[in-house]
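Engineer: Have a look at this one before I ask anything.
The values are calculated or read from the model by the stated rules, or taken from the named source; none is laboratory data. Computed from a prediction, not measured in an experiment: that's the story for all the values here. Virtual Cβ from ideal backbone geometry, glycine too; neighbours counted across all protein chains shown. Ligands, DNA and RNA are excluded from the accessible area calculation, which covers all protein heavy atoms including side chains. Shrake-Rupley method; radii C 1.70, N 1.55, O 1.52, S 1.80 Å.
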Amino acid sequence: MSSKINEFLEIWWVLVSLVFWGPRVQGAFYNCTQPGLVALTFDDGPGVPETNQVLDVLKNFNVTASFFVNGLYNYETDLARYKSTITRIYNEGHQLGSHSWNHTDLINLTRTELKNELEHLAQVVRETIGVNLTVFRPPLGIFTEEMETFVQSEFGYTVAMWNVDTRDWATPPDGVDAYKAFYATTDNHHTAANLSCIGLHHDPLPMSAPLAEETLTYLTQVVGLRVVTLAECLEQEMYVPVVGGGGRVSVEGDHLHFLVLVNFVLISVLTLNPNLR
Ligand SMILES: [Zn+2]
C-alpha cells in the first residue's frame, strides 16, 4: 500500500473515531425530533392561581404539556401552595423542567453559583415529587455552549428552547397568531404535519389560561398534529428516579473517559504497528 493511501486511512480513522467515540455535546433543541408533534411549554411558574387555570385548560383538552418552573413565585410566601401546584403538574402527567431558582441571567455566574441555582430547584422538586428532572431552559433564553455542556454533565439536563414564541407577556400578546404564522409556512411541499414545534408560553400570567385555550382550540383543528410533552417531543425520559442521597448517578463522565482512552489506544496501535496498516 502506498504511503499516501496509508496517510489517508489514518486520517480517516482518526475522524471516524472522533465522531463515534469522542466526547459529544448534544445541542439545544428548538423543535421535536419527529414531524407532526407540538410541545406546549410554560415558563416561570408555578403561579397561583394562574397555573391551576392552565392545568384546567389542558385537562379539558386531554393533553399534556411541559412546565419550566423556578422559585420566584409563592415559594417564600406559601410553600404549601407552591408544592401542591408542582405536585398537581406531576400527577396530571405533565413534564416539569428546570428554569433555575432565581431566574437571573446565568451566564454571569461562576460555575459554583450556577450549580447552586440549579441544585436549589432540583432539591425542592426532589423533596416534592421524588424525581430528578431531565430538561432545562435557561432564563431569558440566554446560554452559552459551555453552560450547556455543564448542565448536561452535572445534571444530565437537555437544553430545550422553542421555535414559536407566543409573547404572551406583551400587550397585546402574539398568542395563537404565532402558531398560525408558523403553520402558514405550509405549502404543497411542506404540510403542517411535516413541521414540529416547541411553543413558548408562561403560566403565571392572567392571560396564560385563555391563551392556552385559544392555542389548543386552533391546534386541534390543524390536521395531523399531536400535542405532546417535551419527553415525547425529544424522545427522552420525562424524569429520572432519585437514587440514594438524591443526586443523579452520573456514570456518563467516567464512561466517556474510558471510551476516549480506548480510542487513543486503538489509534496508537494502528499507527505504530505496520502489520496492521
Ligand atoms: Zn423565564
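Engineer: For T134, only one of the following conditions fails: (1) of a type in the set (S, T, Y); (2) more than 16 Å from the ligand (Cβ to nearest atom); (3) open to solvent by 30 Å² or more (accessible area, probe 1.4 Å). What is its number?
Structural biologist: Here T134 clears every test but (3).
Engineer: Ok, one more. For segment 47-72, how many residues are open to solvent by less than 10 Å² (accessible area, probe 1.4 Å) and part of a loop (DSSP other than H, G, I, E, B)?
Structural biologist: Final tally of qualifying residues: 4.
Engineer: On to the next question. List the pairs whose first member sits in segment 59-70 and is charged (D, E, K, R), whose second member is surrounded by fewer than 21 Cβ atoms within 10 Å (Cβ to Cβ), and whose Cβ atoms are under 9 Å apart, counting only residues at least 6 apart or on separate chains?
Structural biologist: K59/E92
Engineer: Residue by residue through segment 32-46, note down the ones that are part of a loop (DSSP other than H, G, I, E, B) and out of contact with any Gly (no Cβ under 9 Å at 6 or more places or on another chain).
Structural biologist: Scanning segment 32-46 gives C32, T33, Q34, D44, G45, P46.
Engineer: Here is a further query. Would you point out the residue of segment 90-107, among those that are in a helix (DSSP H, G or I) and away from the ligand (no atom under 16 Å from the Cβ), that is surrounded by the most Cβ atoms within 10 Å (Cβ to Cβ)?
Structural biologist: Within segment 90-107, the subset in a helix (DSSP H, G or I) is 90-91, 106-107.
Keeping just the survivors that are away from the ligand (no atom under 16 Å from the Cβ) gives 90-91.
Details: Y90: 19, N91: 10.
Looking at residues that are in a helix (DSSP H, G or I) and away from the ligand (no atom under 16 Å from the Cβ), I get Y90.
Engineer: Considering each of E119, E214, E113 in turn, give the residue that is free of Cβ contacts under 8 Å to residues at least 40 places away in the same chain, in contact with a Gly (Cβ under 7 Å, 6 or more places away or on another chain) and not hydrophobic (A, V, I, L, M, F, W, C).
Structural biologist: Details: E119 fails: in contact with a Gly (Cβ under 7 Å, 6 or more places away or on another chain); E113 fails: in contact with a Gly (Cβ under 7 Å, 6 or more places away or on another chain).
Exactly one of E119, E214, E113 is free of Cβ contacts under 8 Å to residues at least 40 places away in the same chain, in contact with a Gly (Cβ under 7 Å, 6 or more places away or on another chain) and not hydrophobic (A, V, I, L, M, F, W, C), namely E214.
Engineer: Take the residues in segment 60-95 that are of a type in the set (D, E, K, R) and under 15 Å from P49 (Cα atoms); name whichever of them is modelled with the highest pLDDT. Please lay out each step first, then the result.
Structural biologist: Start the filter on segment 60-95 by keeping residues that are of a type in the set (D, E, K, R), which leaves 76, 78, 81, 83, 88, 92.
From the residues that got through so far, the ones that are under 15 Å from P49 (Cα atoms) too are 78, 81, 83, 88.
Working: D78: 77, R81: 86, K83: 91, R88: 97.
Across segment 60-95, the extreme among qualifying residues is R88.
Engineer: Out of the residues in segment 141-168 meeting the condition of being surrounded by 15 or more Cβ atoms within 10 Å (Cβ to Cβ), within 14 Å of the ligand (Cβ to nearest atom) and in a loop (DSSP other than H, G, I, E, B), tell me which one is nearest to the chain's Cα centre (by Cα).
Structural biologist: It comes out as M161.
Engineer: If you don't mind, another one. Restricting attention to segment 67-88, does a residue exist that is more than 16 Å from the ligand (Cβ to nearest atom) and within 18 Å of W162 (Cα to Cα)?
Structural biologist: no
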